[in-house]
Amino acid sequence: MKLLSQSEFAKRQGWSRQYVGKLVRSGKITLVNGKIDPEHAQAAIKAQSEPSTELRVKPQTDTAFTTAPSDSRQAVDFVTARTMREAFKAKMAKMEYEEKAGKLTDASKVKSEAFRAGRIVRDALLGIPDRLSDVLAAEQDPGEVRQLLVNELEMILNELSDNS
């Protein structure tokens with residue numbers, strides 16, 4: 001593209017000539033033979049602009065908020081870092097809400113309760129020989145031995161279900 005004067009560049013951008021002069025004096029735009037190369041000037045301005053400016057100008061899309069650098073060694077720009085932080089905060093707020101609503105519970109509590117319940121079942125079942133050994137030893141009928149064992153197991157399981 002051809003070189004433009006500061007006034008012409010300002011008109012095309014919709015800016016004042018004074019603003020373009022300020023950009024030139026601050027070094028954001030470099031002149032070539034006293035004129036501006038529009039492509040280089042726009043690229044330089046974009047590279048030095050505030051990251052949030054782009055969010056205000058362009059409509060936001062969902063894909064911009066879900067992508068993050070895949071390589072941990074890559075630099076994370078301001079917008080991506082802020083997006084990641086906000087997404088994390090939203091997930092944490094959702095988890096806190098679900099926990100308070102009773103939809104989530106602490107995994108360590110579940111593990112300890114499952115261990116306690118398993119221990120109660122184990123102790124109840126291991127107590128059967130001590131309670132029934134004399135009665136079963138005296139019994140001659142295999143059907144009656146079976147029925148005594150079934151009755152004892154049903155009693156234990158009913159007690160456990162009532163305690164739950």
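Just so it is clear, none of the values below were taken in a lab; they were calculated from the coordinates. All of these numbers come straight from a predicted model, not from anything done at the bench. Note: ideal-geometry Cβ built from the backbone for every residue, glycine included; neighbour counts use all protein chains shown.
Spin-label model, Phe88/Asp162: points 7 Å from Cα along the beta carbon direction are separated by 5.2 nm. Basic side chains Lys and Arg get +1 at the Cβ, acidic Asp and Glu get -1 at the Cβ, and with that the dipole of segment 1-49 about its Cα centre reaches some 140 debye. Under the simplified labelling scheme, the Arg17-Ala47 pair shows an inter-label distance of 2.8 nm, with each label point 7 Å from Cα along Cα→Cβ.
How do Met92, Met155 line up, fewest other C-beta atoms within 10 Å first?
Values: Met92 10, Met155 13.
The fewest-first ordering by Cβ neighbours comes to Met92, Met155.
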